[in-house]
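The values are calculated or read from the model by the stated rules, or taken from the named source; none is laboratory data. Note that the structure is a prediction, hence the values are computed from the model and not measured. Here the Cβ is made from the backbone with ideal geometry for all residues, glycine too, and neighbour counts use every protein chain on show. When the accessible area is computed, the model is the full protein with side chains, heavy atoms only, and any ligands, DNA or RNA have been set aside. Shrake-Rupley method; radii C 1.70, N 1.55, O 1.52, S 1.80 Å.
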Amino acid sequence: MKLYGSGTSPYVRKVRIVMIEKRIECEFVEENVWSAGTLVTLHNPLTKIPVLVLDDGMALYDSRVVAEYLDGITPVSRLIPDGGRERALVKRWEALGDGIADAGIALFLERKREPSLQSKDWMTRQLGKMDSGIAAAARELGEREYCHGLSLTLGDISLACALLWMEFRLPEVAWRANHPNLKKWVERLESMPSFADTKPPA
Ligand code: GSF
């Protein structure tokens, strides 16, 4: 298997953490998805990372599909419950984490455009999603150790990757200072080898 991605993408980091937690070996191919002629287009018509190319050539995307596939191929450290409400609740945490990242990335990309082309309304809308998403995560986590249940799930991984990406690209959001419970929770995750080994390059 080959994983196409970048060291800074929160969605790619999510998949890499899943692989480490589940002890799945995979070649990592660093690709700049924004460069003309990127290999990613050969495997994903949407030209987005992550893409997981299986040994038979089948390509899986996006990160939710890849994470679910990886969770199912080995029983080691299950990260998504098998079915019903428990599964939906973990996937809901994952959707919240990914949604916070989506809004942050939309804002980050808009800010990179020429100032005369930037839309203030669009940026305000994305900031609103980030703020309300982070507030909901903090409220629902409370003082628990994990987003759902008593062990690490894909929900924790997705949310932490989104927040850590934000700290790196949009540090003014200051979620650690504003939400001490998220700070305490993320510090525990950051001390895990899977998080330490996938830190974005400085
Ligand atoms: C999002 C992937 C994505 O936007 C997923 O895999 O979960 N829902 C998808 N990836 C970005 C890289 S990044 O900002 O993390 C990407 O590939 N963007 C290229 C583009 O053309 O939008």
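Take the alpha-carbon centre of the range 1-73, take the same for the range 126-187, and report the distance between them in whole Å.
23
Which of these, P75, P50, P180, has the largest mean-square fluctuation under a Gaussian network model of the chain (Cα springs below 10 Å)?
P75
Please compute the length gained on full extension between M58 and R23, using 0.36 nm multiplied by the number of residues separating them and subtracting their Cα-Cα distance.
10.5 nm
If I build a Gaussian network model for the chain, linking alpha-carbon pairs within less than 10 angstrom, which residue out of A136, A103, A177 has the largest mean-square fluctuation?
Judging by the Gaussian network model, the answer is A177.
Using a Gaussian network for the chain with springs between C-alpha atoms less than 10 Å apart, which of these wobbles most: S132, S63, S116?
S116
Among the complete DSSP H segments of the chain, which ones combine at least 24 Å of alpha-carbon extent along their axis with a mean Kyte-Doolittle hydropathy of 0.0 or more?
Counting only whole DSSP H runs, no helix qualifies.
For the range 1-100, which chymotrypsin sites (Phe, Trp or Tyr not before Pro) are both in a DSSP coil and crowded by at most 16 other Cβ atoms within 10 Å? Write down the numbers at each step before the final one.
Working: sites: Y4, Y11, F28, W34, Y61, Y69, W93; in loops: W34, Y61.
Listed in order of number, the matching sites are W34.
With a cut-off of 8 Å between alpha carbons and a minimum separation of six or more residues, what is the relative contact order of the chain in percent?
About 24 percent, as a whole number.
Give me the percent of DSSP beta bridges within the chain that run antiparallel, rounded to the nearest 5. All intermediate terms of the calculation are to be shown ahead of the outcome.
Working: 5 of 9 bridges.
Roughly 55 percent of the beta bridges in the chain run antiparallel, per DSSP.
Once R0 is set to 22 Å, what does the formula 1/(1 + (r/R0)^6) return for the Cβ-Cβ distance between R111 and A135, expressed as a FRET efficiency to the nearest 0.05?
Efficiency, from the Cβ-Cβ distance: 0.50.
Helix-only estimate, please: 222 nm mean residue ellipticity of the chain, summing -39500 (n - 2.57) across DSSP H runs of length 4 or more and dividing by its residues, to the nearest 500.
It lands at -17500 deg cm²/dmol.
Could you work out the local net charge near S119, counting Lys and Arg as +1, Asp and Glu as -1, over the other residues with Cβ closer than 15 Å to its Cβ? Write down the numbers at each step before the final one.
Details: positive: R111, K112, R113, K120, R125, K129; negative: E110, E114, D121.
Counting the neighbours of S119, the net charge comes to +3.
Applying 1/(1 + (r/R0)^6) with R0 = 22 Å to the Cβ-Cβ distance of K183 and L127, what FRET efficiency is obtained, to the nearest 0.05?
On the way: r = 21 Å, r/R0 = 0.93.
The computed FRET efficiency comes out at 0.60.
Per residue, what accessible area does the range 85-135 have, given a 1.4 Å probe and all protein chains present, in Å²?
Roughly 58 Å² per residue, with all protein chains present.
Rank F168, I73, V29 by how far each Cα sits towards the positive end of the charge dipole of the chain (+1 on Lys, Arg Cβ; -1 on Asp, Glu Cβ) and give me just the farthest.
F168
Provide the net charge surrounding E27, with neighbours chosen by a C-beta distance below 13 Å and charges set as Lys +1, Arg +1, Asp -1, Glu -1. Walk me through the numbers on the way to the answer.
Numbers: positive: K2, R16; negative: E25, E30, E31, D55.
Local net charge: -2.
Quick one: grab the alpha carbon gyration tensor of the chain, order the square roots of its eigenvalues as a ≥ b ≥ c, and give me rounded if a/c is under 1.5, else prolate or oblate depending on whether a/b is larger than b/c.
Judged from the Cα gyration tensor, the chain comes out oblate (a/c at least 1.5, b/c at or above a/b).
Rounded, prolate or oblate: which fits the range 37-135, taking a ≥ b ≥ c as square roots of the Cα gyration tensor eigenvalues, rounded meaning a/c under 1.5, else prolate when a/b beats b/c?
oblate
Dipole of the chain, Cα-centred, from +1 at each Lys and Arg C-beta and -1 at each Asp and Glu C-beta, to the nearest 20 debye?
Dipole size: approximately 480 debye.
5 Å is the cut-off here: which amide hydrogens, built 1.01 Å from N in the peptide plane, fall below it relative to V29, excluding neighbours closer than 5 in sequence?
Distant-sequence amide H within range of V29: L3, Y4, G5.
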